[in-house]
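Trainee: Below is a structure I'd like to ask you about.
Values quoted throughout were computed directly from the atomic coordinates according to the rules given, and no laboratory measurement underlies them. Please read all numbers here as calculations on a predicted model, not as lab measurements. Glycine gets a Cβ as well: all are built from the backbone with ideal geometry, and neighbour counts include every protein chain shown.
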Amino acid sequence: MTEVFVGMGSCGIAAGAREVYNTLQQELSIRNLPISLSVTGCIGACHREPQIEVRTEDGGRFLYGELDSEKTLKVIEEHLVGGKAIAEYLIPFDYPYLANQKKIVLANSGVINPESIEDYLAADGYTALRKAVTRMSPEQVIQEIKASGLRGRGGAGFPTGLKWSLARANAGAKKYMVCNADEGDPGAFMDRSLLEGDPHAVLEGMAIGAYAIGADEGYLYVRAEYPLAIRRLQLAISQAEERNLLGSQIMGSEFSFEIHVKEGAGAFVCGEETALMASIEGKRGMPHIRPPFPAEKGLWGAPTNINNVETLGNIAPILRMGASAYAAIGTEKSKGTKVFALAGKIKQGGMIEVPMGITLREVVYEIGGGIQGDKKFRAVQLGGPSGGCIPESLLDVQVDYDSVTATGAIMGSGGMVVMDETTCMVDVARYFLSFTQSESCGKCTFCRMGTKRMLEILERITRGEGKMSDLEQLEELAHKVKQSSLCGLGQTAPNPVLTTLKYFREEYIEHIQNKRCQALHCRELIRFRVIEEACTGCTLCARVCPTQAATGERKAVHHIEQTLCIKCGLCYEACRFDAIEITTGVAPADVDAEAAATEVEA
Amino acid sequence: MDKGFDELLQHWKSQKGNVIPLLQKTQELKGYLDREDMEAIAEVTGKSPAEIYGVATFYAQFRFQPPGKHTLKVCHGTACHVSGAEALDLAVKTELGVEPGETTEDGEFSVERVACLGCCSLAPVVMLDQEVHGRLTGDKLKKVIRKAGTP
């Protein structure tokens, strides 16, 4: 029977996948067609959402993108009924975006129905857990993970096998296995996609980990902002329990394991493991000093092991394919693949999984297809608020933990945001610092106040009120915040500032000395101005202007009064004749003349 | 005390790590947390009201005032930021006259600033109630707001 899958991850739904699904459901039932309709997770090519995949009986696979209900009706008519694929809506499987990826963790996402345990079982699901609990000792499992070379995908890259062996080594009748799904980096949604697209894979990884360290209870700490992921996880847990794949005496063995889903309440610092445990216990999510490490004294005082979602997504595939096959992928010190949320000023954004060792240039230009509107590349940001901005000169850097760290950025959890010439790098530093500053829990003085002072300096510079000595002061504070903070939040918060100061220092100097923002972004440094020769007097700018700064008679050249303008850009967006320009730097003579004229009138 | 809330307290009373789930479920039930509810939670969990208030104010999710009829979340994730999220803030301010964290006087709209909605390929985005609107400009956002505000 022909099957149709609709990509229904959160972003697919946001792009209109539900409308496509409803159209399909309605039409298939009206026409009484013998076609099965299912939902699947994120297919990954977010820039072509909403997407559906048609799988025919003879093994044919057809991926359609950018559908709406009208196009969907056409697909039903011509392809599902007529038997002829519609070439113009198809995304070919050799599309470079798809062809350059290597999917291990995301192998099932967008392929199986995440709400069906049968689908997961049909894709070899839970065979790795079966192998572990029936044929391997916990030590053998740990050995296998060590041999695979897997490192934590949450950002820091700590070897997973070693982490497990530390938790195993701690005696104690009660231990906990925790999955950190408190994905907080703005611009990162890898964990959400995996949880939504293949929840059983994460549960299986957790169960194998629990078996290895000797835990019988687990927590999945998920952001409350991910309602769909939470719902699918809860469904998956109950399905697995029904089949004795979770619960007591799993698959007839001596191993029992129970998982609870805990909803986070919105605090970035809870991505840090000691803060996360405090939050599960019902306290303010504030980190504490290590040692004791969670492996010694974690949740409710018991030895605890915490892994990130993507790390756990790698576990079952490693046991299935074998450590040596897994270790053959990647570089010497970074094995396997990495999932990234590729976004920003890129042509083809979305959820991608690439082998370690690929270069950033390949990711940006081959997979991502280059910069939107063929503008000039400025930087690629890795690691969110803990990471840094990598300039064009370093685009040939390999994606692996050590090479990325050497640039001053970090691999991070997988946010990869591409920036073009319209992005102001000083503003990017200010943006990330305002995020970490407001998310600092306040425990360490340098993180609480040092970031505040750094933010004030950056705000001053973006307003055009900076001094050259500010740059040295920023660097000094940055190093002190890094050295004097207890947890990763403070230790990495200065990275966006330090990397932009290192690679884009001239932009800081432009802001300070020439009051120029070449990206035309910093509001205090730009002006909106009517180009007289181009203005037709259509009055549109005056009508959209919220502060009556743009004025003029019909069919006469309009004018923007600088003292009233709040730089919201509505006139610029609205103008159909490109008659409004944005300028920066020292004011042109005509603006001064106008200002003088206004003064005289007043 | 209303019945739903009472059931909630009894259900969670003896579970470990119950403070945050209790706060979450209470907010789900009532729309926000008021002083009496937090005091009741303190009583069943055996903590002081100050501790409960301390936990509630630590997390961004909790509200202490009733929310507006519609909730507008403006995304300030990295991709949205570089694609013009600040212009959306200005559009909200000129259209509704409120800043993030505030509710309009008529109780129609609460505006929040959120770190990332995870729809980066549609940047810049907002979430109005349960629906995500993407690829916005200030002008398009104003239209979205006006449409929702029309009874």
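Trainee: Compute and list, largest first, the equivalent-ellipsoid semi-axes of region A:44-95 from the alpha carbon gyration tensor, each √(5λ) rounded to a whole angstrom.
Mentor: Result for region A:44-95: semi-axes of 17, 14, 8 Å.
Trainee: Let me ask something else about it. Among A:PRO494, A:MET468, A:ASN305, which residue has its Cα furthest toward the positive end of the charge dipole of chain A, with +1 on Lys/Arg Cβ and -1 on Asp/Glu Cβ?
Mentor: Ranked along the dipole, the leading option is A:ASN305.
Trainee: Whole-Hz ³J(HN,Hα) for each residue in region A:505-517, computed from phi via Karplus 6.51 cos²θ - 1.76 cosθ + 1.60 with θ = phi - 60°, x for glycine and proline: what do you get?
Mentor: Per-residue couplings from phi come out as 4, 4, 5, 4, 5, 4, 5, 6, 7, 9, 6, 10, 10 Hz.
Trainee: If you average the sequence gap of Cα pairs under 8 Å that are 6 or more apart and divide by the length of region A:109-207, what percent do you get for the contact order?
Mentor: 38 percent
Trainee: Under 23 Å Cα-Cα from A:LYS338, which lysines qualify once same-chain neighbours fewer than 8 residues away are excluded?
Mentor: A:LYS102, A:LYS103, A:LYS146, A:LYS163, A:LYS347
Trainee: Rounded, prolate or oblate: which one fits region A:213-292, using the alpha carbon gyration tensor with axes a ≥ b ≥ c (rounded when a/c is under 1.5, else prolate when a/b beats b/c, else oblate)?
Mentor: In terms of gyration-tensor shape, oblate.
Trainee: Additional query: Run the dipole for chain A about the Cα centre, Lys and Arg Cβ at +1, Asp and Glu Cβ at -1, nothing else charged, and hand back the magnitude in debye, nearest 20.
Mentor: 1520 debye
Trainee: Picking from A:LEU203, A:LEU228, A:PHE257, whose Cα lies most toward the positive end of the charge dipole for region A:196-262 (charges on Cβ: Lys, Arg +1; Asp, Glu -1)?
Mentor: With unit charges placed on the Cβ atoms, the residue in question is A:LEU228.
Trainee: What angle, in degrees between 0 and 90 and rounded to the nearest 10, separates the Cα long axis of helix A:469-483 from the longest principal axis of the Cα atoms of chain A?
Mentor: The angle comes out near 10 degrees.
Trainee: Taking Cα centroids, how far is region A:456-529 from region A:40-73 in Å?
Mentor: Between the Cα centre of region A:456-529 and that of region A:40-73, the gap is 44 Å.
Trainee: Determine, for B:VAL125, A:VAL6, A:VAL81, B:VAL144, the number of other Cβ atoms within 10 Å of each Cβ, and report the residues in order from fewest to most.
Mentor: Ascending Cβ contact count within 10 Å gives the list A:VAL81, B:VAL144, A:VAL6, B:VAL125.
Trainee: Would you list, by chain and number, the lysines whose Cα falls below 17 Å from the Cα of A:LYS345, excluding same-chain residues fewer than 8 positions away?
Mentor: Straight-line reach from A:LYS345, under 17 Å: A:LYS375, A:LYS376.
Trainee: Nearest 20 debye, what's the magnitude of the dipole of region B:1-94 about its Cα centre given +1 on Lys and Arg Cβ and -1 on Asp and Glu Cβ?
Mentor: Values: 11 positive and 12 negative charges, 44 e Å.
Once rounded to the nearest 20, the dipole reads 220 debye.
Trainee: Pairs to check: A:LYS175/B:LYS25; A:LYS283/A:LYS482; A:LYS480/A:LYS502; A:LYS174/A:LYS283; A:LYS555/B:LYS143; A:LYS335/A:LYS480. Give those whose C-alpha atoms are more than 24 Å from each other in this structure.
Mentor: A:LYS175/B:LYS25; A:LYS283/A:LYS482; A:LYS555/B:LYS143; A:LYS335/A:LYS480
Trainee: Please say if the protein assembly as shown is rounded, prolate or oblate, where rounded means a/c under 1.5 for a ≥ b ≥ c the square roots of the C-alpha gyration tensor eigenvalues, and otherwise the choice is prolate for a/b larger than b/c and oblate otherwise?
Mentor: The shape class here is prolate.
Trainee: Give me B:THR104, B:THR57 sorted ascending by neighbouring Cβ count inside 10 Å, so fewest comes first.
Mentor: In increasing order of surrounding Cβ atoms, one gets B:THR57, B:THR104.
Trainee: Shape of chain B from its Cα gyration tensor (a ≥ b ≥ c, root eigenvalues): rounded if a/c is under 1.5, otherwise prolate when a/b > b/c, or oblate?
Mentor: Taking the square roots of the gyration eigenvalues as a ≥ b ≥ c, chain B is prolate.
Trainee: Related question: What ranking do A:MET321, A:MET351 get, fewest neighbouring Cβ atoms within 10 angstrom at the top?
Mentor: Fewest to most other Cβ atoms nearby, the residues stand as A:MET321, A:MET351.
Trainee: Let me ask you something else. In whole Hz, what ³J(HN,Hα) sequence does region A:430-443 give by Karplus (6.51, -1.76, 1.60; θ = phi - 60°), x for Gly and Pro?
Mentor: For region A:430-443, the Karplus curve yields 4, 4, 5, 5, 5, 5, 5, 4, 6, 8, 4, 6, x, 6 Hz.
Trainee: Another question, if that's okay. How large, in Å, is region A:83-235 by the Kirkwood hydrodynamic radius built from its alpha-carbon pairs?
Mentor: Mean inverse Cα-Cα distance, inverted, gives 17.4 Å.
Trainee: Out of the DSSP beta bridges found with both residues in region A:337-420, what percent are antiparallel (nearest 5)?
Mentor: Bridges in region A:337-420 that DSSP calls antiparallel: roughly 80 percent.
Trainee: Nearest 5 is fine: what % of DSSP beta bridges in chain A come out antiparallel, could you say?
Mentor: 55 percent
Trainee: Continuing with this model, one more query. Work out how far the C-alpha atoms of region A:387-452 reach from end to end along every principal axis, then list the three figures in whole Å, largest first.
Mentor: 39, 30, 17
Trainee: Just the number, please: percent antiparallel of the DSSP beta bridges in region A:2-93, rounded to the nearest 5. Could the numbers behind the result be given before it?
Mentor: Details: 9 of 15 bridges.
Roughly 60 percent of the DSSP beta bridges within region A:2-93 come out antiparallel.
Trainee: What is the distance in Å between the Cα centres of region A:229-281 and region A:161-177?
Mentor: Answer, in whole Å: 17.
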